[in-house]
Amino acid sequence: GENVEQHPSTLSVQEGDSAVIKCTYSDSASNYFPWYKQELGKRPQLIIDIRSNVGEKKDQRIAVTLNKTAKHFSLHITETQPEDSAVYFCAASSHGSSNTGKLIFGQGTTLQVKP
Amino acid sequence: GAVVSQHPSRVICKSGTSVKIECRSLDFQATTMFWYRQFPKKSLMLMATSNEGSKATYEQGVEKDKFLINHASLTLSTLTVTSAHPEDSSFYICSARDQTSGRRYEQYFGPGTRLTVT
């Protein structure tokens with residue numbers, strides 16, 4: 001079945017440093033890759049997403065890259081701040097005539113940004 | 001726009017009773033909604049895809065007779081946990097897609113329901 005692997009499970013960085021989280025997916029039909037930030041007891045919050053027709057997307061300090069051939073996609077956060085500390089999830093879904101767009105989530109990465 | 005609500009936010013019930021959780025899309029119509037459960041410090045696990053006017057599609061390993069899903073209108077899906085047991089205690093989150101918008105791939109999440117079975 002579909003599977004999304006996410007690494008690392010925990011990541012600790014110094015404020016101002018960059019953080020990178022990586023995911024791989026198994027379903028070659030996947031064409032939508034969102035990233036979520038979740039704080040304890042809250043709903044997942046979409047921070048950036050990418051569709052399979054592009055290789056990179058950037059929004060201020062956050063960027064996502066996609067390698068369709070290798071089935072890899074990564075989240076890059078630059079100039080990290082303490083408020084970036086949270087759990088981050090990658091996900092993948094496929095959209096088409098026979099697909100519902102259900103999301104398969106990675107295992108999550110707990111990011112700690114030390115002041 | 002694209003707001004999804006859930007009710008209740010928290011519920012405590014006794015073992016053996018049933019609990020209903022509602023998921024509503026407040027400002028858009030959703031032909032498809034999704035139900036997830038999340039254990040502490042774990043990822044979101046898709047339980048089922050809820051389709052308006054038809055039967056839900058359950059993921060492998062999810063008991064459809066225990067987790068009853070009804071999607072009777074374009075703005076409401078319900079999840080009923082029947083004969084709840086302590087191991088059903090979890091955080092249940094729904095999501096919905098606005099397939100008429102320019103961001104039709106995006107899922108909008110509800111705030112979640114914390115279920116505790118005693």
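Listing for the model above:
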| quantity | calculated |
| --- | --- |
| Qualifying positions in region B:38-79 - assigned to a loop (DSSP other than H, G, I, E, B), touching a strand residue (DSSP E or B) at 6+ places or on another chain (Cβ under 7 Å) and within 14 Å of chain A (Cβ to nearest Cβ) | B:Phe39, B:Ser43, B:Glu52, B:Ala56, B:Glu59, B:Val62 |
| Conditions (1) of a type in the set (A, V, I, L, M, F, W, C); (2) more than 12 Å from every other protein chain (Cβ to nearest Cβ); (3) farther than 26 Å from B:Glu59 by Cα: number failed by A:Ala29 | (3) |
| Some residue of region B:109-117 being within 14 Å of chain A (Cβ to nearest Cβ), open to solvent by less than 20 Å² (accessible area, probe 1.4 Å) and over 29 Å from A:Arg51 (Cβ atoms) | yes |
| Every residue from region B:92-102 that is touching a residue at least 40 places away in the same chain (Cβ under 8 Å) and either of a type in the set (Lys, Arg) or open to solvent by 10 Å² or more (accessible area, probe 1.4 Å) (or both) | B:Arg97, B:Asp98, B:Gln99, B:Thr100, B:Ser101 |
| Meets criteria (over 13 Å from A:Phe73 (Cα atoms) and either loosely packed, with under 13 Cβ neighbours inside 10 Å or out of contact with any Ser or Thr (no Cβ under 6 Å at 6 or more places or on another chain) (or both)) for A:Asp49 | no |
| Of residues in region A:52-66 being among the hydrophobic types (A, V, I, L, M, F, W, C) and surrounded by 13 or more Cβ atoms within 10 Å (Cβ to Cβ), the one farthest from the other protein chains (Cβ to nearest Cβ) | A:Ala63 |
| Tally of residues being within 14 Å of chain B (Cβ to nearest Cβ) and either open to solvent by 50 Å² or more (accessible area, probe 1.4 Å) or touching an Asp or Glu at 6+ places or on another chain (Cβ under 7 Å) (or both) across region A:67-91 | 1 |
| Scope region A:98-112; condition more than 10 Å from every other protein chain (Cβ to nearest Cβ), open to solvent by 10 Å² or more (accessible area, probe 1.4 Å) and farther than 19 Å from B:Gln107 by Cβ; matching residues | A:Gln112 |
| Count - residues of region A:1-18 that are assigned to a strand (DSSP E or B) and either open to solvent by 30 Å² or more (accessible area, probe 1.4 Å) or out of contact with any Phe, Trp or Tyr (no Cβ under 6 Å at 6 or more places or on another chain) (or both) | 8 |
| Matching residues in region B:7-41 - criterion: being free of Cβ contacts under 8 Å to residues at least 60 places away in the same chain and surrounded by fewer than 14 Cβ atoms within 10 Å (Cβ to Cβ) | B:Leu26, B:Asp27, B:Phe39, B:Pro40, B:Lys41 |
| Identity of the residue in region A:21-31, buried (at least 18 other Cβ atoms within 10 Å of the Cβ) and at pLDDT 95 or above, that ends up farthest from A:Leu11 (Cα to Cα) | A:Tyr25 |
| Spans of strands (runs of 3 or more DSSP E) in region A:19-58 with at least 2 residues aromatic (Phe, Trp, Tyr) | A:32-38 |
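The values are calculated or read from the model by the stated rules, or taken from the named source; none is laboratory data. Quick caveat, the model's predicted, so the values are computed rather than measured. Here the Cβ is made from the backbone with ideal geometry for all residues, glycine too, and neighbour counts use every protein chain on show. Please note that ligands, DNA and RNA were not included when accessible areas were found on the heavy atoms of the full protein model with its side chains. Shrake-Rupley method; radii C 1.70, N 1.55, O 1.52, S 1.80 Å.
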